[in-house]
Amino acid sequence: MKTSWRTASLVATAASVLALTTACGQDNSTPAASAAQNVGATAPAGSPTTGAGTVAGNGYGADGNQSSSSPTPAAPAGKLTVAANPDLGNVVTDGSGLTLYRFDKDTANPPKSNCDGNCATTWPPVPAGDATAGAGIDKSLLGEVTRADGTKQLTIGGWPAYRYAKDVNAGDVNGQGVGGNWFALAPNGKKASLASLPGLSVRKDPKLGDIVVDKNGMTVYRFLKDKAWPKSVSNCTGACLVKWPAVGIVKPDDTKGVKKKGLMGFTRPDGVKQMTVNCWPIYTFSGDKAPGDTNGQGVGGTWYAVSPDGKPVGAPGN
């Protein structure tokens, strides 16, 4: 009888513990699910972290039911700027440095977005409200289009602008070429490519600031031993010219952001025609292997990247 009582007591205790354990499990799991939903509902739709996490879940970047019942504002565009990409040339980035894209199934004339629903979660539309033109951006090319949900989306050259949910760091271009329909935006609204660069244009280098680049996106340099007045004179000849190739003639209307005064060509004593910026002869550097390289900066204390007004960037006294 005593043994039977103890057995019954143990069974009752075990049942009580089991019930308590089950209840704790339920209490812990329910808030966790709710918390996950709350994070998804309150994080900005344009947030790279949110987008990247949800893309992995269903291939689009959002739970359709949740996004439709609890829409959230996209991250603001901020000041748009131009970033140099080694493969694409100049691309437009938002105030956080994230690449902006265009969609081939949209139209630019008239502007119209055809990316809605799950598409717009994977490719968050860039709001037009606070977008401003930074360095390298022509503000006359910025506009807006009213989307189907009534929100205003930024356009560049007429093309609606988007971010990509899988771009999480400044400079990422993971959306380039996706589905054969998505491409990084060039400052003129076209698809970014090195071929789209003018003969001479301006790139914002993270260390040097605004510097001149050629049609291939390669950094342009000045030689401190050259002369600009009363006429342009190059003192880089022979082996020097092999290491520092002269930039060929560029038509003034094939330039962007470069000071027009003194933007002309001249004929060297060896017969080679060379371009100048503010009358100073300009060159590229054989040691630069990709767009964005600045390996020639400061070489020998006589070679420096060129500013848009022709000054040697970082040279003593400048």
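The values are calculated or read from the model by the stated rules, or taken from the named source; none is laboratory data. Keep in mind that what you see is a predicted model, and the values were worked out from it rather than measured. Quick reminder, even Gly has a Cβ in these numbers, built from the backbone with ideal geometry, and neighbours come from all protein chains shown. Note: accessible area is taken over every heavy atom of the protein model, side chains too, but ligands, DNA and RNA are not part of it. Shrake-Rupley method; radii C 1.70, N 1.55, O 1.52, S 1.80 Å.
Brief remarks follow.
- Unmet requirement for D205, which otherwise passes all of (1) within 19 Å of the chain's Cα centre (by Cα); (2) in contact (Cβ under 8 Å) with a residue 60 or more places away in the chain; (3) open to solvent by 30 Å² or more (accessible area, probe 1.4 Å): (3)
- Taking every residue in segment 271-294 that is without any contact (Cβ under 8 Å) to a residue 40 or more places away in the chain and pairing it with any residue that is assigned to a loop (DSSP other than H, G, I, E, B) and of a type in the set (V, I, T), at least 6 positions away or on another chain, the pairs with Cβ-Cβ distances below 6 Å are K273/I249.
- Number of the condition not met by T294 [criteria: (1) part of a loop (DSSP other than H, G, I, E, B); (2) more than 20 Å from P86 (Cβ to Cβ); (3) of a type in the set (S, T, Y)]: (2)
- Each residue in segment 174-192 was checked for being open to solvent by less than 40 Å² (accessible area, probe 1.4 Å) and over 22 Å from G143 (Cα atoms), and 2 pass.
- Matching entry among S234, S307 (being at pLDDT 95 or above and closer than 19 Å to N90 by Cβ): S307
- The strands (runs of 3 or more DSSP E) falling completely within segment 72-141 that include 3 or more residues that are modelled with pLDDT of 95 or more map to 101-103.
- Residue in segment 272-291 that is at positive phi, surrounded by fewer than 18 Cβ atoms within 10 Å (Cβ to Cβ) and in a loop (DSSP other than H, G, I, E, B) present: no
- Residues of segment 158-173 that are open to solvent by 10 Å² or more (accessible area, probe 1.4 Å), of a type in the set (G, A, S) and within 12 Å of F103 (Cα to Cα): G158 alone.
- Residues located in segment 230-249, provided they are in a loop (DSSP other than H, G, I, E, B) and open to solvent by 20 Å² or more (accessible area, probe 1.4 Å): P230, K231, S232, N235, T237, G238, P245, G248, I249
- Here K215 meets the list (1) within 27 Å of the chain's Cα centre (by Cα); (2) open to solvent by less than 70 Å² (accessible area, probe 1.4 Å); (3) over 15 Å from T302 (Cβ atoms) almost entirely, failing just condition (2).
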